[in-house]
Amino acid sequence: MGRQYVIAGNWKMYKTAEESREFVRALAKEFSDAPGLTVIVFPPFTSLQAVSGLDPRVHIGAQNLFFEEQGAFTGEISALMLRGLAEYALVGHSERRQVFHESDGDVNRKLLAALAAGLKPVLCVGETLPEREAGQTLDKVKGQLDRGLAGVTGGDWERVIVAYEPIWAIGTGRNATPQQAEEVHRHIRGTLGEKAPGRAIPILYGGSVKPENSLELLAQENISGVLVGGASLKVDQFSAIIRSGLKLLGA
Ligand code: 13P
């Protein structure tokens, strides 16, 4: 099988429903479909209805979910509620872990709940700057993968995506170099190979991805796509990153 690229935009807490709809309409005009390309946007919950089904080339994901199906959990959204509105769901984004104190155990329950509801979870992992400087990057990421992916079995692996997002590179303008990213991606590929032999699980890189660095990042052997924050909020920048993927696909 040839190369496949996932180009994903995490909008975080930006864009109203109307702005989200306008964005997807405008984005759809800026790129043509190609075999091997998957474009996903992750808008806030309040925009999911507005963008769901707008354009078949722009896939939709949620930024979070709660692991219970329903109940007295004020303010939370379940995987069941996302069905039909979102195809993907981020779990364990570093902002969820750091700002909202989500543990690896919480992240694992969310991932399993997403799978049980038929969604495709994107498990986010990554180290802090002190962890990198202490040489703990690979151990940190391995631990997050071991705990986050516990209990995944059989055909469910086909719906799992992993995103490596070094925390020191998120929103800082300081991306991991392609070589730094590739080193961790190779390690993640090895870990996933032990858990799910023979499955081609996409591994995305995230952290200050811009049009200018996207081509070189995507060209790395074990980078199967990018998860873009800031630059995914602008149609011209996000579509330029999509075009980097298209270029490498030869489309
Ligand atoms: P930035 O691209 O703004 O650094 O954000 C990365 C990110 O957190 C994507 O999930």
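Here are the numbers:
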item: Top-ranked residue of the stretch 150-160 - restricted to ones that are open to solvent by 10 Å² or more (accessible area, probe 1.4 Å) and under 22 Å from Ser78 (Cβ atoms), ranked as nearest to the ligand (Cβ to nearest atom); result: Arg159
item: Pairs with Cβ under 6 Å, 6+ apart, first in the stretch 228-251 and touching a residue at least 12 places away in the same chain (Cβ under 8 Å), second assigned to a helix (DSSP H, G or I) and open to solvent by 10 Å² or more (accessible area, probe 1.4 Å); result: Ala231/Gln237; Val235/Ala26; Gln237/Pro211; Ala240/Pro211; Ile241/Pro211; Ser244/Leu215
item: Residues that are over 13 Å from the mean Cα position of the chain (by Cα) and polar (S, T, N, Q), drawn from the stretch 63-100; result: Gln70, Thr74, Ser78, Gln98
item: Sole exception among (1) assigned to a helix (DSSP H, G or I); (2) within 16 Å of the ligand (Cβ to nearest atom); (3) open to solvent by less than 40 Å² (accessible area, probe 1.4 Å) for Leu246, by number; result: (2)
item: Some residue of the stretch 55-65 being over 22 Å from Leu204 (Cα atoms) and not aromatic (Phe, Trp, Tyr); result: yes
item: Residues of the stretch 218-240 classified as within 12 Å of Gln4 (Cα to Cα) and either near the ligand (Cβ under 10 Å from one of its atoms) or open to solvent by 10 Å² or more (accessible area, probe 1.4 Å) (or both), total; result: 5
item: Hits in the stretch 191-217 - residues which are touching a residue at least 40 places away in the same chain (Cβ under 8 Å), open to solvent by 10 Å² or more (accessible area, probe 1.4 Å) and within 16 Å of the ligand (Cβ to nearest atom); result: Pro202
item: Options Gly148, Gly171: the member that is free of Cβ contacts under 8 Å to residues at least 60 places away in the same chain, in contact with a Gly (Cβ under 7 Å, 6 or more places away or on another chain), of a type outside the set (Phe, Trp, Tyr) and closer than 26 Å to Ala113 by Cβ; result: Gly148
item: Members of the stretch 171-190 found to be under 20 Å from Leu90 (Cα atoms) and surrounded by fewer than 23 Cβ atoms within 10 Å (Cβ to Cβ), listed by number; result: Gly171, Ile188, Arg189
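The values are calculated or read from the model by the stated rules, or taken from the named source; none is laboratory data. In this text the structure is predicted, and so the values were computed from the model without any measurement. All Cβ positions, glycine included, derive from the backbone under ideal geometry; neighbour counts span all protein chains shown. Please note that ligands, DNA and RNA were not included when accessible areas were found on the heavy atoms of the full protein model with its side chains. Shrake-Rupley method; radii C 1.70, N 1.55, O 1.52, S 1.80 Å.
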